[in-house]
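Take a look at the structure below.
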Amino acid sequence: MRNPSPVLEGGQGICLNPNGTDFYGHWKEDIALLADAGVRALRFSVLWSRIFPDDREEPSSEGLAFYSNVIDELLAHDIVPVITTIHFDMPLWVALRHDGFATREGLERYERFVDAIVAAYADRVKYWISYCELNNIDFIPFVVAGVADDGSPEAAQRIRRAEWHLLLGNAYLVRACHAADPSIMVGCEFGFSPTYTLSPSPACYAQKLREDARQYRFSDVLVRGTLPKTYQAALAQAGIEPTADELALLQEHAIDFLAPSYYRSQTVDENGYAQNLSLPVTTFGWTIDPEGLRSMLNEVYARYGKPIMIVENGLGTPDVVEPDGSIQDDYRIEFLRAHIKQMRLAVGCDGVDMLGYLTWCAFDCVSTSEGLVSKRYGLIYVDVDDEGRGTYARTPKASAAWFRRVSDSNGEDLS
C-alpha cells in the first residue's frame, strides 16, 4: 500500500514558516476571539520542549507557568481546556538523543513529562488526550514517534518498539490522571476513516479488512487492554516480549473515550488505496464525504461502546481577503454544516454517545500534510504566509460568526 497522504512526499510536509501563527505571542487576544466565535472547548498541546527544553530532571517553571496562565484564561472565558500531550511536536532532543519512543529512555522522558504536567494542571483540566493520530505512525513515524524510517528492517523493528512504548505511555497517562482525579477522562486521538471498496470483488473486500485492522489495532489495545494474537506475533518478531507488569498496566488503565479526527473517507481496490470518483474533492485533492463521518461514528461506537469526542474536522483550502478586509468562506461553512448534520444524525437517530465536536481549527495554522499556512483551516484568519511573512493580525472569517450561532444553539441552528 502506498501512503494515502502527501505527508513528507516529494519535499512536501516541510514547514518554511518557523513561527506558525504565533499563539505564544497572541494567546490572550486569541482566547478572547475564541469566546467571541462561540468556541466552548479548546484542544491544545502542552509543548513538551517548553516544559523540558533539554534532558534536565526538573521541569521549566516558566514553561509550566505559561500553560497555567492559558488554562486560567480559558476557564475565565468559559472555555473547556482539552490537553493533548504530544501533537506531532516531540522535542528534537528526545528524537536525537533517545531515538524518540524507540527506546526505554525515550519512554521514561515522556513519563517524566506526564508527571510534571498532570501535577500542574489536573486540578483544572478534566479532559486529556495522549497522542495525535497514533495510528498514523504507519505513514509518518518520525512525526508521531520521533523515529526515522529509512525503509530498512532495522528501522521497522525500531518503529515497532516505538509503537509498544507509545501504548505503555498512554496507559501511564491514564494512571497518572485517574490517580490525581478519578473523574478525569483520558482519550487518544486516531485518524479514523470509513473504508469503501472500489468493486464488490472478494479481493477488494479483503483489502478493506486489512485496512480496518490497521486503523483499529492500537485503539483495540487501548480500549480493551489486551493484545490481539496478531499483534503479539508482530511484537515478537521485533524482539519485544511484554512483561506481566506491562500487560497489567494496559489492562487496568484503558482510555475513557475515543478522540477521532475525520477529514475524508478512503477507498481501496485489490492493490491498495484507490481514487473514489463518486465524491467531490477539496483544492488539495481530499475527498469530501460528510456521510462518511456518520459511518465512522457508528463503526467506532459499535466496536467499543465508549463515548466519542471529535477533535479534528475541517476544510483546508486557500482563502481570499476581500477589498474590505473580510473573508467570505461560505465553502467552509457548507463543509462544516454538512458534517455537523451527519453527526447529529449519528447521535439522534443512531444513538452514538458524543462528548463533543471540535472543528479543526479555530485559527489558521501550518498544515501537517503540506507544511503550508496557505492551506487554511481556521475560523479566524491569520495574516501570515508560508514563509512567515505578515503582520500576524487576526480577522474572524464569515465562518466564525456562523459557528457562534451553531455553538449557541448546540448544533440546532445550522442556517
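A short reminder: the numbers here are calculations on the coordinates, not readings from a lab. Keep in mind that this is a model prediction, so the values were computed, not measured. We place every Cβ from the backbone using ideal geometry, glycine too, and count neighbours over all the protein chains shown.
Each residue in Glu334, Glu154, Glu133, Glu73 was given a count of other beta-carbon atoms within 10 angstrom of its own, and listing them fewest first yields Glu154, Glu334, Glu73, Glu133. Paramagnetic label reach from Arg214 (point 7 Å along Cα→Cβ; backbone nitrogen cut-off under 14 Å): within the range 272-297, residues 272-275.
Protection proxy ranking of 198-206, 48-56, by the mean of other Cβ atoms within 10 Å over each peptide's residues and highest first, is 48-56, 198-206. Basic side chains Lys and Arg get +1 at the Cβ, acidic Asp and Glu get -1 at the Cβ, and with that the dipole of the range 27-123 about its Cα centre reaches some 240 debye.
A simple charge model with +1 on the Cβ of Lys and Arg, -1 on the Cβ of Asp and Glu and nothing else charged puts the dipole of the chain at about 860 debye relative to its Cα centre. Here the 3J(HN,Hα) profile of the range 287-301, calculated from phi with Karplus coefficients 6.51, -1.76 and 1.60 at θ = phi - 60°, is 5, 9, 8, x, 4, x, 5, 4, 4, 4, 4, 5, 4, 5, 5 Hz, Gly and Pro shown as x. Projecting label points 7 angstrom from Cα along Cα→Cβ for Tyr205 and Asp324 puts them 5.6 nm apart.
The antiparallel fraction among DSSP beta bridges confined to the range 262-395 stands at about 65%.
Placing unit charges on the Cβ atoms of the charged side chains and taking the dipole of the range 184-233 about its Cα centre, the candidate lying farthest along the positive direction among Ser201, Gln215, Phe190 is Ser201. May I ask which residue of Ala102, Tyr67, Pro91 lies farthest towards the positive end of the charge dipole of the range 57-105, with charges of +1 (Lys, Arg) and -1 (Asp, Glu) on Cβ and the Cα centre as origin? Ranked along the dipole, the leading option is Ala102.
Looking at the chain, the DSSP beta bridges with both ends there are about 25 percent antiparallel. Here the gap between Asp413 and Ala156, fully extended at 0.36 nm per residue and compared with their Cα-Cα distance, gives a gain of 87.6 nm. Taking amide H as placed 1.01 Å from N in the peptide plane, Tyr381 has its amide H under 5 Å from the amide H of Thr395, Lys397, each at least 5 places away in sequence or on another chain. Take each peptide in 287-300, 344-357, 229-242, count the other Cβ atoms within 10 Å of every residue, and average; sorted highest first, the result is 287-300, 344-357, 229-242.
Rounded to the nearest 500, the helix-only mean residue ellipticity at 222 nm of the chain stands at -14000 deg cm²/dmol, with each DSSP H run of n ≥ 4 adding -39,500 (n - 2.57). Multiplying the residue separation of His77 and Asp89 by 0.36 nm and removing their Cα-Cα distance gives an extension gain of 1.6 nm.
Using Cβ point charges alone (K and R +1, D and E -1), the dipole size of the range 248-388 about the Cα centre works out to roughly 600 debye. Full extension of the segment from Thr243 to Asp181, taken as 0.36 nm per residue of separation minus the current Cα-Cα distance, would add 19.6 nm.
Using the beta-carbon distance between Ser61 and Asp36 and R0 = 30 Å, what value does 1/(1 + (r/R0)^6) give for FRET efficiency, to the nearest 0.05?
0.40
Using the Cβ-Cβ distance between Leu96 and Glu270 with R0 set to 56 Å, the FRET efficiency from 1/(1 + (r/R0)^6) comes to roughly 0.85. Among the listed pairs Lys341/Lys397; Lys208/Lys229; Lys28/Lys341; Lys306/Lys397, those whose Cα-Cα separation exceeds 24 Å are Lys28/Lys341; Lys306/Lys397. Taking every alpha-carbon pair in the chain and binning the separations at 20 Å intervals from zero gives 26, 62, 12, 0 percent. Here the range 332-347 and the range 140-195 have alpha carbon centers that stand 29 Å from each other. Partners of Lys126 within straight-line reach, counting aspartates and glutamates whose Cα lies under 15 Å from its Cα and excluding those fewer than 8 residues away in the same chain: Asp72, Asp78, Asp181, Asp256.
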